[in-house]
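Since the structure comes first, as structure tokens, the remarks are kept for the end.
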Amino acid sequence: MLGPRLLLTFFALTALLAANIAASTVFVYYTASASLVPQRPEVILAEPNSPNVSVTLGPALASASVVVYTSNFAQLVYNPDFFSSPDGWYCAPSASLTCYWLPGDQGASGGVISIESNTSIVFDESAFILQEVTVPNTNIVRVIVNVTLRGDWAFSPTPPMVYEVGLWDPQSSAWAWLVYDFPSTQYTSYTWDITPYLEPGRRYILAIGMYVVAGVWPALYVDSAYLSIETSSYVFSQPILAANVTSDRVLYARLKLEALSVNPSLNASIWLVNSTAHESSRITIRNGFPTSWETSWIAVSPPIAGYYAALIQANASKASPTNSSVSLVLEYCTLPQGMGACVSYPVTLIIDPRTALPHHSGSQEPPGIQAWRGGTTRH
Amino acid sequence: MAWIKNVNKAKMGILLLSVLMLTVANASVFVYYTSSLSLQTSQPPVYLKEGSNANQPDLFGNTITVTVGSAGASASLTLHPTYGKTYYKNVLEVVNQDTTNAYTVYLRVTDPLSDTNVASAKVYVYDATRTLQATLDLQASNNQVSFTLPAGATYTVDVEIVISENGGSPVSPPSLTDGQAQFDLIYTAAGTTETPP
């Protein structure tokens, strides 16, 4: 009787074992390892030394906090004294008249620019010194021009010349604004409100010169020149950060917008410019909302001495000097289009912190031509 | 005397019976059935492969070194990060060459990266549409994540290293005392509820 029972028990156990074997899971193990061999940073950040910009860099120059101050006042031309050079002014000479830089003149505050002839004028002529001016593309409240000059002439008791100050509009090839009058032989400061004559966003040429009748030996001396502009919005346009490559090879960089907390009226653009003036596309913010979150990639390489591999450029305008903050990432890679090794540095941009410095600073030279063209320097 | 003989016979009988009982009690019964185990090898359905960014330029002229075993069953990465976040896209690929069956793949940290200057060390797994499938924290001991690798699919593996700038210098590399991590890739047939031992 026990034999069949034992047999049944055996078959039951065997079936249970077989079921367990069928239900078991097979796991296959592979091993992987990651080893880190750290390197010093191949790109380091630097201060661009821009006015109205304050930069705090991390200890390894791999992060930055940038504070910028917008202003509703800007000096587009700021030459209180031609101290050591014509300071970027062009010369538009005539047949007999040309331009000189002088280290001083009686009654002048320092260096001056003169327009004069070495001989008596045969025909009526005019000549000018010129400076480019780009009006901000925002509502303009007031534009003021101020010039200090004097005239000098011989062989005539009355002035045989007039000074001329005007804004030439290259687009229409006409004067947008022009004044002229007899000059004094003593340095005299003249101020004009030219607000009605300018349009936002347009480029003009500020011209200071003279018109001379034939038969005289004239000269015009310019001691200072200003063109200041007040806008209804608060504006900023400067490099906010610089970057240098510490190796000897080309890298590829872009900017990304990570987060922002901004004034609803803020319009801003942020982009990269490399040492060969190649620009990336722009991160853009319109009325407080980002419309583009990243720039295109541009190549950055070790620059020649005195230059940066790349600059982060920003412009901004808004209705009031209230606080905004933007979190950016500067990303650089060893290969184009985000391949190879890619390193990200955090960059925080703060616009007009609540402890903002006073506005109306405006002490920068206007951007423009840095060569003295068409004239000579006379000492 | 006869009863004495009978008593002795009885004692002897009891003794013999006791010995016999002890012998029976200590005896083992062995029952033998025959079975066989045969090993039949096959190609692995899941294997590792160098990614498109493997052995490409790393920082300062170094190379993103990726070594995969000849059978695709092991991988070794050597990376050269710096301060900030250094990201290595598609250094490794996980391939399912089984076009019929999906597999569940586990990533498990077996030796975490414990250097305090490393703020973060992560492995990301993406599918072909760059949708994130898994994130493995290389700093967490025994951390385990999983994802399903569909039949015939290839997933890519990225590595992100974040090194703190605190105490750093632009002219010297970050100082790391433990710059290594190890992790296992474990796979099994999809659908099971068991986790790997």
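Throughout, read-outs are computed from the coordinates displayed, never taken from laboratory work. The structure displayed is predicted, hence computed values, not measured ones. Reconstructed Cβ throughout: ideal geometry from the backbone, glycine too, with neighbour counts over all protein chains shown.
Details
- Computed across the stretch A:259-342, the Kirkwood radius stands at 14.1 Å (inverse of mean 1/r, all Cα pairs).
- Lys pairs under 22 Å by Cα in the protein assembly as shown, provided they are eight or more residues apart or on distinct chains: 8
- Overall dimensions of the stretch B:108-150 by Cα: Rg and Dmax, Å: 11.9, 37
- Inter-chain shielding of B:157-169 (mean C-beta neighbours from other protein chains, 10 Å cut-off): 4
- Centroid-to-centroid separation of the stretch A:99-144 and the stretch A:20-98 [C-alpha atoms, Å]: 36 Å
- Inter-chain Cβ neighbour average for residues A:234-242, partner chain, 10 Å: 0
- For the stretch A:207-349, the spread of Cα coordinates along the three principal axes comes to 74, 42, 19 Å, biggest extent given first.
- Rg over Rh, two decimals, the stretch B:88-184 (C-alpha only, Kirkwood Rh): 1.07
- Dimensions in Å of the stretch A:160-248 - Rg and Dmax from alpha carbons: 19.2, 65
- On the beta carbon distance between A:Trp293 and B:Ser42, with R0 = 45 Å, the FRET formula returns roughly 0.40.
- Considering all different alpha carbon pairs of the protein assembly as shown, the Kirkwood hydrodynamic radius works out to 31.0 Å.
- Computed over chain A, relative contact order equals 23 percent, with contacts defined as Cα pairs under 8 Å that lie 6+ residues apart.
- Beta bridges per DSSP with both ends in chain A, % antiparallel, nearest 5: 95 percent
- Separation of alpha-carbon centers, the stretch A:237-311 and the stretch B:166-185, rounded to whole Å: 29 Å
- Most mobile of B:Ser36, B:Ser141, B:Ser52 in a GNM of chain B (Cα contacts under 10 Å): B:Ser36
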